[in-house]
Amino acid sequence: MVKKDLLYVVPAGKLSKEEILALLREHPEIKFASLVGIDLAGNDTDEKIPIKFLLENMDDFFNGTAVQTDGSSVVLTGIATLNNAKVDMVADPNANWFVDYNFQHIDEETGKPIGTLRIPSFLVHNGVRVDSRSILATGLEYVKTELMKLFGKYKHIPGLEHINVDEIDDIIFTAATELEFWVKTPANKAQVEELRASQVMQEQYWQRTRGEVRTALEQALLLLANYGLEPEMGHKEVGGVKAKIDETGHLSHVMEQLEIDWRYSTAMQTADNELQARIVIREVFRANGLDVTFKAKPIIGVAGNGEHTHIGMAARLKSGKIVNLFAPSDMKKDFLSAIGYGAIMGLLKNYEVVNPFVSATNDSLNRLKPGFEAPVCIVTSLGHSPEVPSRNRTILAGLVRDVTNPLATRFEVRSPNPYTNTYIAIAAFYITMLDGIKAALESGRSLKELEAELSKDAGVPGFYLETDRAYRSEHDVFDDYSPEERDRLFGKPPATVWENMQNLTKYPEKLAVLKASNAFRQEIIDAFKAAALLRWRTELINRIIPDNLEIVKECKCLHDATNASDYDMYMWEKINSLRLYLAKDSIAHKSLFSRIKEAIQAGDYDTASDLQIEMSERMTELQNLYSQYKKNMIHDC
């Protein structure tokens, strides 16, 4: 699939319009163009515009007069309505343009696969940008402007004594994502118990890939390199079981979890790169007969797919030198600069209003449960000492640093998943970090005092952080604290999409931090929330409950009078009672499934949310009971 004579990327801002036109004429295999706008749910638009039309109307593509779309058909809820649906698509010249090739469709004239030039774009409604890329662009510009004001006001910043802030010429926002995904052969399933056992015994992590999985992984890494993503590693993750070999010598019953990492970039390019990486990975594995899922929790009870997002901040000096703003002057003495301490405090203090934009689906919240290294607590880890960096994998956002390389200092936010809207999430991270940076600099405190603020115990007043909360732990927050202690110290995490979205109303002072940027205007917040709740309600009624009903129906009686033990009858009575409670209506009582539907239809979302939590617990109980019951069957019925 990797061909060296193809054009894979048009680099951002490096070519003039005439050079781009000439380049496209040199590659007649590129037959189409597609303006790629990102709606509020993170969906990317894809259309086939003949390349001839692009060549003839290049200027119009940049002023938004070339292409319009029906905004009511994408996730711009409450913004683009049926009676005001026109949305203009405006090309972004400041991002890489990727060429998406169809390796199953070969151009007869050139013998090369047909290509589509994907052009990152903004979506404009009534003259205002309303898409995810615009939120990130506006948010970064706001943070940059505010930081430059701070550098103009505070000339001596603790931890940045090695630079003259008057020499700062620009702020660089860097980010990187790590993409995890499950791979399987179509129609094959593995038992959860088998997957869980393999995970506990650590049989898969960083093991050798084989057969079609190895081929697809290698092809994906090579193709990502052609797109300029500079892949750094591909490996097996913790989930999966050993595949089998069929009679043809090919692997069958593949069920493995993989991870692919690539080099960091600017924040906007990182989000664009991630979108391209998902396309490449899915297409390459599909060509090798393998299904790929980026769902956060494709298999309940087994490790889910995370997308740990690394956030950095640097300054470019007038000399051209790059300086990491999070790293302190003395890496062995201090963990962070004042900018770094303020950034992590701002993110943690305001995370209740960030989380809705990170975890906006049922699937995402299914992953955020204790265990499996998925973060559930608003807490950070810095390490036990500056000289010896550590990686605590149980916290929400951790410090990543290399004592010998200050440029590597960054924060790893562990809550996102592959379907998190990376554009909006990164914008929220940086905007809330700015709030903490302002507080840290305005306080005039030393680095040790800022570290003490971040490390304070719950109940101790802080100049910025909330009194009743703790924000740092170097312990395993799953094993070293009880659930009650975690909730008391770090806040109770939302269990449903409804609970998560309610935080946007519950914490107005924290929401004001996001809104100050103008990236998160009220109409954007309302649209995102409305869309998330619409998906929550629809999925709950039309997917989750029907899927659970099928599980209930599959729990059948396996014993009869000739082979039953008292244990069998006892277990079946418990199982059947639970089945009836979940799914069977009577004149006197409605089932749990029916009560959820009625609550949704009545608009009683508090009740629906509470019942959803109960349903999840009961379904887990049912499946565990039925598994025990089946294991006691030693005779055929």
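Considering every residue within the range 385-392, establish whether at least one is of a type in the set (Lys, Arg), in contact with a strand residue (DSSP E or B) (Cβ under 7 Å, 6 or more places away or on another chain) and at pLDDT below 90.
Yes, the range 385-392 contains at least one residue that is of a type in the set (Lys, Arg), in contact with a strand residue (DSSP E or B) (Cβ under 7 Å, 6 or more places away or on another chain) and at pLDDT below 90.
Could you list all residues from the range 82-93 that are among the charged types (D, E, K, R) and either in a strand (DSSP E or B) or free of Cβ contacts under 8 Å to residues at least 12 places away in the same chain (or both)?
Within the range 82-93, Lys86, Asp88 qualify.
Examine the range 531-552 for a residue that is of a type outside the set (Asp, Glu) and closer than 21 Å to Phe429 by Cβ, and state whether such a residue exists.
Checked the range 531-552: at least one residue is of a type outside the set (Asp, Glu) and closer than 21 Å to Phe429 by Cβ.
With the structure loaded, tell me whether Leu611 is touching a residue at least 12 places away in the same chain (Cβ under 8 Å), over 15 Å from Asp547 (Cα atoms) and outside the structural domain of Val497 (by TED's automatic domain parsing) or whether it fails that test.
yes
Return the pairs, sorted by first residue and then second, in which the second residue is exposed (fewer than 10 other Cβ atoms within 10 Å of the Cβ) and among the small types (Gly, Ala, Ser), the first residue lies in the range 539-565 and is closer than 18 Å to Ile300 by Cα, the beta carbons are less than 6 Å apart, and the residues are 6+ apart or on different chains.
From the range 539-565, no pairs qualify.
Check the range 413-421 and report whether any residue there is closer than 20 Å to Leu365 by Cα, among the basic types (Lys, Arg) and at pLDDT below 95.
Yes, the conditions are met somewhere in the range 413-421.
Take Pro356 and decide whether it is surrounded by fewer than 24 Cβ atoms within 10 Å (Cβ to Cβ), under 30 Å from Thr620 (Cβ atoms), modelled with pLDDT of 95 or more and not acidic (Asp, Glu).
Yes: the conditions hold for Pro356.
Does Gly115 satisfy the condition of being free of Cβ contacts under 8 Å to residues at least 12 places away in the same chain, small (Gly, Ala, Ser) and either exposed (fewer than 14 other Cβ atoms within 10 Å of the Cβ) or not in a loop (DSSP other than H, G, I, E, B) (or both)?
The answer is no for Gly115.
Please tell me if Tyr430 is touching a helix residue (DSSP H, G or I) at 6+ places or on another chain (Cβ under 8 Å), aromatic (Phe, Trp, Tyr) and at pLDDT below 95.
No.
Can you tell me which residue is surrounded by the most Cβ atoms within 10 Å (Cβ to Cβ) among those in the range 572-589 that are within 15 Å of Met619 (Cα to Cα) and polar (S, T, N, Q)?
Asn576
Condition test on Leu558, is it part of a loop (DSSP other than H, G, I, E, B), hydrophobic (A, V, I, L, M, F, W, C), farther than 30 Å from Val354 by Cα and in the same structural domain as Leu625 (by TED's automatic domain parsing)?
In short, yes.
Evaluate the following for Ile587: is it in a helix (DSSP H, G or I) and not polar (S, T, N, Q)?
Answer is no for this residue.
Counting only residues that are hydroxyl-bearing (Ser, Thr, Tyr) and either in a loop (DSSP other than H, G, I, E, B) or modelled with pLDDT under 85 (or both), which one in the range 202-215 is surrounded by the most Cβ atoms within 10 Å (Cβ to Cβ)?
Thr209
For the range 296-326, which positions are at pLDDT 95 or above, surrounded by fewer than 19 Cβ atoms within 10 Å (Cβ to Cβ) and in a loop (DSSP other than H, G, I, E, B)?
Those that are at pLDDT 95 or above, surrounded by fewer than 19 Cβ atoms within 10 Å (Cβ to Cβ) and in a loop (DSSP other than H, G, I, E, B): Lys318, Ser319, Gly320, Lys321.
If the requirement is being within 26 Å of Thr266 (Cα to Cα), assigned by TED's automatic domain parsing to the domain that holds Asp39 and surrounded by 14 or more Cβ atoms within 10 Å (Cβ to Cβ), which of these qualifies: Asn96, Asn63?
Residue meeting the stated conditions: Asn96.
Have a look at Phe411, Phe463 and point out the one that is over 27 Å from the mean Cα position of the chain (by Cα) and either buried (at least 21 other Cβ atoms within 10 Å of the Cβ) or assigned to a loop (DSSP other than H, G, I, E, B) (or both).
After ruling out the rest, the residue left standing is Phe463.
I need the full set of residues from the range 469-489 which are charged (D, E, K, R) and within 19 Å of Asp435 (Cβ to Cβ), in order please.
Within the range 469-489, Arg469, Arg472 qualify.
Out of curiosity, is Thr380 in contact with a Phe, Trp or Tyr (Cβ under 7 Å, 6 or more places away or on another chain) and at pLDDT below 90?
It is false that Thr380 is in contact with a Phe, Trp or Tyr (Cβ under 7 Å, 6 or more places away or on another chain) and at pLDDT below 90.
What is the residue count in the range 500-524 for residues that are of a type in the set (Ser, Thr, Tyr) and touching a residue at least 40 places away in the same chain (Cβ under 8 Å)?
So the answer is 2.
On the given criteria, is Ala41 outside the structural domain of Thr420 (by TED's automatic domain parsing), surrounded by 15 or more Cβ atoms within 10 Å (Cβ to Cβ) and either more than 27 Å from the chain's Cα centre (by Cα) or without any contact (Cβ under 8 Å) to a residue 60 or more places away in the chain (or both)?
Here the answer is no, as Ala41 does not meet what is asked.
Which residues, counting only those in the range 216-229, are surrounded by fewer than 17 Cβ atoms within 10 Å (Cβ to Cβ) and either within 19 Å of the chain's Cα centre (by Cα) or modelled with pLDDT under 95 (or both)?
Listed by number, the list is empty, since nothing qualifies.
Does the range 70-120 hold any residues that are of a type outside the set (S, T, N, Q), within 16 Å of Ile30 (Cβ to Cβ) and over 26 Å from the mean Cα position of the chain (by Cα), and which are they?
Phe103, His105, Ile106, Asp107, Glu108, Glu109, Gly111, Lys112, Pro113, Ile114, Gly115
From the residues in the range 121-172 that are part of a loop (DSSP other than H, G, I, E, B) and under 30 Å from Ile30 (Cα atoms), which one is nearest to the chain's Cα centre (by Cα)?
Among them, the one singled out is Asp131.
Quick one: count up the residues across the range 590-636 that are surrounded by 11 or more Cβ atoms within 10 Å (Cβ to Cβ), assigned to a loop (DSSP other than H, G, I, E, B) and modelled with pLDDT under 95.
2
Say whether the condition of being of a type in the set (A, V, I, L, M), touching a helix residue (DSSP H, G or I) at 6+ places or on another chain (Cβ under 6 Å), surrounded by 21 or more Cβ atoms within 10 Å (Cβ to Cβ) and at pLDDT below 95 is met by at least one residue in the range 119-142.
no
Just give me the residues in the range 392-408 being assigned to a loop (DSSP other than H, G, I, E, B) and either in contact with a helix residue (DSSP H, G or I) (Cβ under 8 Å, 6 or more places away or on another chain) or surrounded by fewer than 17 Cβ atoms within 10 Å (Cβ to Cβ) (or both), in sequence order.
If the condition is that a residue be assigned to a loop (DSSP other than H, G, I, E, B) and either in contact with a helix residue (DSSP H, G or I) (Cβ under 8 Å, 6 or more places away or on another chain) or surrounded by fewer than 17 Cβ atoms within 10 Å (Cβ to Cβ) (or both), then Arg393, Leu396, Val403, Thr404 are the ones that fit.
Please work out which one of (1) in contact with a Leu (Cβ under 6 Å, 6 or more places away or on another chain); (2) modelled with pLDDT under 95 is the condition Ala458 fails and give its number.
(2) is the only condition that Ala458 fails.
The values are calculated or read from the model by the stated rules, or taken from the named source; none is laboratory data. Note that this is a predicted model, so its numbers are computed, not measured. Quick reminder, even Gly has a Cβ in these numbers, built from the backbone with ideal geometry, and neighbours come from all protein chains shown.
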